[in-house]
């Protein structure tokens with residue numbers, strides 16, 4: 001029996017190093033290193049692409065949330081305008097249009113997120129198939145290499161351990177290992193491919209995990225935003241329905257007023273003469289009121305300036321806004337054939353009318369051309385006055401007198417239909433520096 005030679009002490013270190021390296025070719029190791037194979041290069045490129053897609057997805061969600069916030073702000077502004085006393089229907093329409101545009105933008109961004117969910121689901125299926133295919137390739141190559149090694153071991157050659165222990169140098173060890181394993185160029189290529197396959201598979205597993213996490217998060221965000229969109233859409237539809245109801249009510253009142261006016265002024269010549277006389281009456285009563293304001297201001301009762309805002313004197317439906325109008329019974333002004341100098345507010349007969357701000361009552365009495373058309377005028381300063389027309393003077397007479405000091409919100413009279421009016425309403429005007437101005441600017 002041949003005796004085994006004891007290897008020299010100095011030759012053991014490279015031998016042990018080699019024994020540690022050999023399993024790395026065929027067993028599981030630590031983090032895979034980059035290989036130049038096409039599959040592995042594609043897998044790493046896909047990782048970079050997934051990282052970019054995740055960043056883009058987060059940006060898309062952020063943009064969707066920002067669009068939702070803009071929609072919420074627009075709807076809140078619409079609701080606030082509708083809740084306000086005597087809503088300006090024109091302004092409400094603008095706000096509803098803004099809210100509709102914002103909701104359309106948010107919906108488009110939501111649909112883009114939903115499309116991304118669909119794309120992620122398809123990508124996850126594709127990655128799963130690729131991962132399974134690569135796993136099968138790896139197992140097949142490992143089995144092939146194992147069979148080749150097993151065949152080499154069973155040839156009856158001298159055992160690898162015996163050859164290693166009797167080797168005299170590192171070169172002897174390399175020769176023995178190469179001879180024992182019968183590793184030709186084909187076997188070495190197979191071993192390298194196995195290592196590369198493992199790296200590729202690890203990269204695919206990372207891609208699958210990240211894509212799955214991205215899909216779960218994107219799907220969750222899409223559901224949250226879907227519920228918010230549905231809530232906002234419901235709120236917007238409710239605001240639109242409320243606006244349409246107000247428009248119908250306003251239009252019905254305007255139609256009734258127009259029909260009544262046609263009965264009063266069926267003759268165009270008489271109507272024109274009527275408008276002329278009304279304008280003369282307004283100029284006359286305005287001159288009287290200006291004189292009274294100067295007198296009371298000189299007496300110290302009326303301040304020179306008014307600091308603050310005004311409030312609505314009465315709640316109801318605005319049947320006419322300030323400005324150019326299609327109602328032919330209004331007198332001309334500037335480029336307007338018919339101009340409404342105040343705001344008409346319709347409400348139930350005898351609704352209390354309140355002072356729009358603190359001030360001094362400078363006039364309580366008839367309008368002039370229509371002796372039965374009673375008005376109250378309050379001076380809030382030498383420059384700012386508020387007029388209240390069509391007040392009742394029968395069942396509920398005005399409760400203030402000339403010279404009275406009033407506070408904001410104090411009842412001064414009651415809504416009526418005195419003078420030339422087609423129904424109970426308040427004609428409210430604001431005069432600033434001698435000219436009638438849109439009351440909404442002071443609210």
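The values are calculated or read from the model by the stated rules, or taken from the named source; none is laboratory data. These numbers come from a predicted model, not from an experiment. With ideal geometry, Cβ positions are generated from the backbone for all residues, glycine too; neighbour counts draw on all protein chains shown.
Being modelled with pLDDT of 85 or more and over 18 Å from residue 434 (Cα atoms) is the filter here, so list the residues in the stretch 321-334 that pass it. Residues satisfying the conditions are 321, 324. The single condition from (1) surrounded by 15 or more Cβ atoms within 10 Å (Cβ to Cβ); (2) part of a helix (DSSP H, G or I) that residue 86 fails is (2). Kindly establish whether residue 378 is closer than 19 Å to residue 443 by Cβ, buried (at least 23 other Cβ atoms within 10 Å of the Cβ) and at pLDDT 95 or above. For residue 378, the condition - closer than 19 Å to residue 443 by Cβ, buried (at least 23 other Cβ atoms within 10 Å of the Cβ) and at pLDDT 95 or above - is met. The set of residues in the stretch 102-141 that are touching a residue at least 60 places away in the same chain (Cβ under 8 Å) and either over 25 Å from residue 52 (Cβ atoms) or not assigned by TED's automatic domain parsing to the domain that holds residue 203 (or both) comprises 103, 107, 135, 137, 138. Considering the stretch 302-398, the qualifying strands (runs of 3 or more DSSP E), each wholly inside and each with 2 or more residues that are more than 13 Å from residue 425 (Cβ to Cβ), run over 352-354, 359-366, 374-379, 384-391. For the stretch 51-64, the candidate set comprises residues that are closer than 13 Å to residue 112 by Cα and touching a residue at least 60 places away in the same chain (Cβ under 8 Å); within that set, the residue that is surrounded by the most Cβ atoms within 10 Å (Cβ to Cβ) is 64.
Of the candidates 259, 241, 182, 189, the single residue that is outside the structural domain of residue 128 (by TED's automatic domain parsing), farther than 30 Å from residue 58 by Cα, at pLDDT below 90 and surrounded by fewer than 18 Cβ atoms within 10 Å (Cβ to Cβ) is 259.
Which one of 132, 81 is at pLDDT below 90 and either surrounded by 15 or more Cβ atoms within 10 Å (Cβ to Cβ) or out of contact with any helix residue (DSSP H, G or I) (no Cβ under 6 Å at 6 or more places or on another chain) (or both)?
On the way: 132 fails: at pLDDT below 90.
Within the list 132, 81, the selection yields 81.
Just to be sure before I move on: is residue 291 modelled with pLDDT of 85 or more and assigned by TED's automatic domain parsing to the domain that holds residue 361 in the structure I sent? Quick ask: steps written out before the conclusion?
Working: modelled with pLDDT of 85 or more: yes; assigned by TED's automatic domain parsing to the domain that holds residue 361: yes.
The answer is yes for residue 291.
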